[in-house]
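First up is the structure itself, then whatever we jot down about it.
The values are calculated or read from the model by the stated rules, or taken from the named source; none is laboratory data. None of the values given here were measured: they were computed from a predicted structure. Methodologically, a virtual Cβ is constructed for each residue, glycine included, from the backbone with ideal geometry; neighbour enumeration extends over all protein chains shown.
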Amino acid sequence: MHQLVKILCGLFVLLTLPCSLHAEALTDTGRVKELLNQVDDLWRGESSYAVTSMQVKTEHYTRTMRMEGWSKGKEKTLFKIIEPLREKGTATLKSGNHIYTYLPKTDRTIKLTTGMMMGAWMGSHLTNDDLVKEARLEEDYDASISFEGEREGQNIIEFTLIPKLDAAVVWGKLTLIILADSHIPLIEYYFDEDFILARTISFSEIKSLGGRERPTVLRVVPADKADEYTEFVYEQLELNIDVSDRLFSLSSLKKR
Amino acid sequence: MNVTKLAARNVYRNSHRSLVTVAAMAFACAMMIVFSSLMDGVIAGSERNVVAMNTGDIQIHRHTYRDDPDIYKMIESSKQLSENSRQAGFFAAERLFAFGLMASDDSSSGVQLRGIDLVSESTVTEIHQHILQGDWLKKDDTHGVVIGKKLARLLDVSLDDEVIFVGQTADGYMANDSFQVRGILKSIATDIDSASVFMSNTMLRELISLPEQGAHQIVIMRSDRKQDLAEATRVVSALIKQDLEVMNWQQLMPVISRFLETAQVQTLIMLLFTYIAVASVVLNAMLMSVFERIHEFGIMKAIGVSPWQIIRLVYAETFIQTLVASIVGLILGISLSWYLQQYGLDMTSLADGMTFAGIALDPVWYAEMSLSSALIPIGFLFVMAAVAVIYPAVKVALMRPLEAIHHQ
């Protein structure tokens with residue numbers, strides 16, 4: 001979840017931490033901690049507004065939709081679909097551990113039950129559970145640097161993350177690769193409980209967005225279906241804006 | 001010496017004792033008839049719940065569909081295949097399935113949508129008659145659904161309430177529509193009761209954007225119930241000529257099939273215990289009636305009655321009593337079974353919502369009479385009586401006359 005959640009839920013926000021590279025001065029564990037926090041913080045801010053397009057390609061269909069989203073803190077997120085017209089107005093509110101979906105066609109708001117959490121979110125390769133779970137890498141995982149140096153012409157740092165015993169995490173292991181200079185994430189591998197690759201999230205198209213350089217394209221590829229993917233492209237991002245708490249209420253779900 | 005006449009007189013003379021013996025045997029016989037017809041009825045009822053409510057005799061799927069029910073795994077030529085099956089003398093119906101979330105005002109639950117061909121479904125299953133409340137689906141009702149009993153409770157909805165479905169269409173969009181609950185089904189099987197929503201297959205095709213043709217499942221029913229199931233499965237497989245999975249209900253649900261088979265054995269074992277109890281009653285009565293009259297038998301032997309004749313006499317008495325008992329028992333047993341066949345035995349307080357391997361057992365138990373459920377207890381009664389009386393008969397026959405006369 002991690003990166004993904006941060007991106008979707010924490011919506012693209014950040015306390016623009018200038019990458020203070022005091023790394024050498026720190027102990028190894030201290031350094032790992034700091035790097036992971038930087039990765040986490042890349043996607044987190046006090047509040048945010050973003051416009052994203054999502055493309056889903058599966059064996060049976062390819063579809064694109066655009067949505068706008070607001071977030072406040074780490075608990076509150078709201079998305080509304082802008083395109084296609086057929087689904088315009090469909091909104092998802094994440095508040096704490098609950099997800100509500102507003103359906104304009106039937107003018108109803110539905111709260112998702114626990115049974116639906118592993119279901120696909122909006123036909124994508126993400127589950128509803130991915131949206132609910134909010135985790136900090138450093139809090140939920142025991143991390144270590146498993147590789148550092150040049151690989152395929154890039155200076156990278158590779159982390160191996162094993163979930164802590166009490167962490168509510170469905171994965172068995174994560175591997176995260178970041179650029180050594182900018183600490184921008186490149187790719188993240190998710191392994192299941194049997195340590196078999198379950199999905200890959202890659203980050204690309206590093207552009208200036210929301211005041212700093214960051215990857216603007218995020219692609220989720222399920223390991224068992226290599227031809228399929230869900231891709232998010234960030235079109236617009238505003239950080240630390242003024243958002244009212246009222247925006248994240250059930251009544252505002254219905255407003256267009 | 002006329003053994004039959006003497007035996008009849010003996011029985012008549014000891015009317016009190018004979019009455020008790022006959023009554024005990026008749027009662028036991030009646031109970032056995034009722035018990036075995038009730039068990040037959042329960043077994044047949046469970047089988048009906050399995051086959052006639054849902055599974056049908058034979059089902060056709062794409063090969064991996066049952067393990068992974070993916071909406072894209074459709075039998076494209078389902079219409080043609082059902083038509084072919086009908087021409088070969090079977091009943092056939094196409095079904096479509098989809099999954100999603102059903103929500104009412106207060107709660108929501110994951111559901112399986114079951115798209116049904118309203119015309120042909122009634123030829124293969126009796127589900128349209130298995131309604132607890134409301135009505136079955138109607139052709140011109142484009143928003144009516146029928147839902148399982150537990151799902152209705154889960155969503156807290158009753159007739160004509162509105163429910164919302166949210167899911168995903170085959171082309172990746174959001175499937176969403178509202179429906180009215182037109183009917184609530186009686187108990188069928190755990191998964192159907194708690195998660196199924198029945199609608200017409202045209203409604204489901206539209207909701208999920210499925211192609212005009214094709215189905216996920218074809219259900220086949222034999223038109224001749226006496227045709228062997230395995231044989232019918234072979235006929236259907238030969239008819240298909242495609243790489244599809246053809247399985248009959250016994251293959252689809254081996255646990256239940258085995259359970260129903262063993263239930264018959266269980267019934268027999270339980271009957272056997274009842275019979276043994278009956279046999280001890282008969283034995284007791286016979287022992288009493290013989291040993292009470294040792295003095296009398298001694299005199300008979302003294303005047304020249306042979307041991308063989310005595311054995312015949314005792315047997316004849318037993319036979320007369322058993323005959324009377326079986327006639328009374330038969331009348332009693334059949335009338336009781338008939339009553340239970342008509343009105344059933346309401347076990348709701350004891351066995352409501354009881355299921356076995358996911359198959360609901362009807363809380364009202366109906367008996368099902370057959371020739372064997374009446375004749376086997378009677379045959380057994382005769383055998384038991386004959387065995388029970390061996391010991392007293394032989395003992396008396398072999399006694400010395402003098403000893404017998406002086407016996408107190």
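Can you confirm whether B:LEU96 is modelled with pLDDT of 90 or more and within 14 Å of chain A (Cβ to nearest Cβ)? Step through it out loud before you land on a result.
Working: modelled with pLDDT of 90 or more: yes; within 14 Å of chain A (Cβ to nearest Cβ): no.
No; evaluated as a whole, the condition is false for this residue.
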**Request:** Considering each of A:ASP194, A:ASP166 in turn, give the residue that is modelled with pLDDT under 85, farther than 19 Å from A:VAL233 by Cα and assigned to a loop (DSSP other than H, G, I, E, B).
**Result:** A:ASP166
**Complete:** Exactly one of A:LEU137, A:LEU93, A:LEU131, A:LEU103 is of a type outside the set (S, T, N, Q), at pLDDT below 85 and closer than 20 Å to A:MET54 by Cα, and that one is A:LEU131
**Message:** So, B:ILE310, is that one exposed (fewer than 14 other Cβ atoms within 10 Å of the Cβ) and at negative phi or not?
**Reply:** no
**Prompt:** In this structure, is B:VAL305 part of a helix (DSSP H, G or I) and either modelled with pLDDT under 85 or buried (at least 17 other Cβ atoms within 10 Å of the Cβ) (or both)?
**Reply:** no
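If I filter the range B:145-180 down to residues being in a loop (DSSP other than H, G, I, E, B) and closer than 16 Å to B:LEU96 by Cα, which single residue comes out as farthest from the other protein chains (Cβ to nearest Cβ)? If you could, list the steps in order and put the result at the bottom.
Let us first name the residues in the range B:145-180 that are in a loop (DSSP other than H, G, I, E, B), namely B:148, B:156-161, B:169-173.
Then keep just the ones that are closer than 16 Å to B:LEU96 by Cα; that gives B:169-170.
Details: B:THR169: 8, B:ALA170: 7 Å.
For the range B:145-180, the residue satisfying everything is B:THR169.
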**Item:** Whichever residue in the range B:181-193 is of a type in the set (A, V, I, L, M) and touching a residue at least 60 places away in the same chain (Cβ under 8 Å) and, among such residues, is nearest to the other protein chains (Cβ to nearest Cβ)
**Value:** B:ILE192
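Filter the strands (runs of 3 or more DSSP E) completely within the range B:68-134 down to those with at least 2 residues that are crowded, with 20+ Cβ neighbours inside 10 Å.
On the way: elements: B:90-103, B:108-116, B:131-134.
Filter on the range B:68-134 gives B:90-103, B:108-116.
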**Prompt:** Taking the range B:198-221 on its own, how many of its residues are part of a strand (DSSP E or B) and buried (at least 23 other Cβ atoms within 10 Å of the Cβ)?
**Reply:** 7
**Item:** Where a residue in the range A:159-171 is free of Cβ contacts under 8 Å to residues at least 24 places away in the same chain and its partner, wherever it lies, is assigned to a strand (DSSP E or B) and of a type in the set (Ser, Thr, Tyr), with Cβ under 7 Å and at least six apart
**Value:** A:THR160/A:SER144; A:THR160/A:SER146; A:THR160/A:THR175; A:ILE162/A:TYR141; A:PRO163/A:TYR141
**Request:** Select from the range B:20-66 the residues that are polar (S, T, N, Q) and in contact with a helix residue (DSSP H, G or I) (Cβ under 8 Å, 6 or more places away or on another chain) and write down the one among them that is surrounded by the fewest Cβ atoms within 10 Å (Cβ to Cβ).
**Result:** B:SER46
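Table: residues versus (1) crowded, with 21+ Cβ neighbours inside 10 Å; (2) β-branched (Val, Ile, Thr).
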residue: B:ASP161; (1), (2): no, no
residue: B:ILE164; (1), (2): yes, yes
residue: B:TYR173; (1), (2): no, no
residue: B:SER178; (1), (2): no, no
residue: B:ARG182; (1), (2): yes, no
residue: B:ILE192; (1), (2): yes, yes
residue: B:SER196; (1), (2): yes, no
**Complete:** Taking the range B:362-408 and the residues there that are of a type in the set (D, E, K, R) and farther than 21 Å from B:LEU313 by Cβ, the one that is farthest from the chain's Cα centre (by Cα) would be B:ASP362
**Request:** Report whether or not A:ARG199 is buried (at least 19 other Cβ atoms within 10 Å of the Cβ), modelled with pLDDT under 85 and part of a strand (DSSP E or B).
**Result:** no
